[in-house]
Amino acid sequence: MHRLPRLVWTALRAIAFWAAVALPLAYVPALVDLVPTVLVLAIVPIHALCLIVGHEHTPRSQPVSPSRS
């Protein structure tokens, strides 16, 4: 029963990590004035929160097994 909260936290941490990786792309339209300032002011704290929550996530790389022919 205690496994479910751990699984949820792990998933949340992974989502936050990848959001922190992708969110800087949202700054590009802000730099060329394509989005309202209010949206930019919302993106910055969301990005900071994702950095804080997702900083301990370690993406696992799956080893590629050699194909047997």
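Kindly list the residues of segment 37-55 that lie in the label zone of A19, defined by a backbone N under 18 Å from the point 7 Å along the Cα-to-C-beta vector. Of the residues in segment 37-55, 39-55 have backbone N under 18 Å from the label point off A19. If a spin label sat at a point 7 angstrom from the Cα of R60 along the line to its beta carbon, the backbone N atoms of segment 3-39 nearer than 20 Å would be those of 3-19.
A crude spin-label estimate for the pair L39 and I52, with each label 7 Å from Cα along the Cβ direction, gives 2.5 nm.
Laboratory data are not the source of any read-out in this text; all were calculated from the coordinates shown. Note that this is a predicted model, so its numbers are computed, not measured. For neighbour counting, all protein chains shown are included, and Cβ atoms are generated from backbone atoms with ideal geometry for every residue, glycine included.
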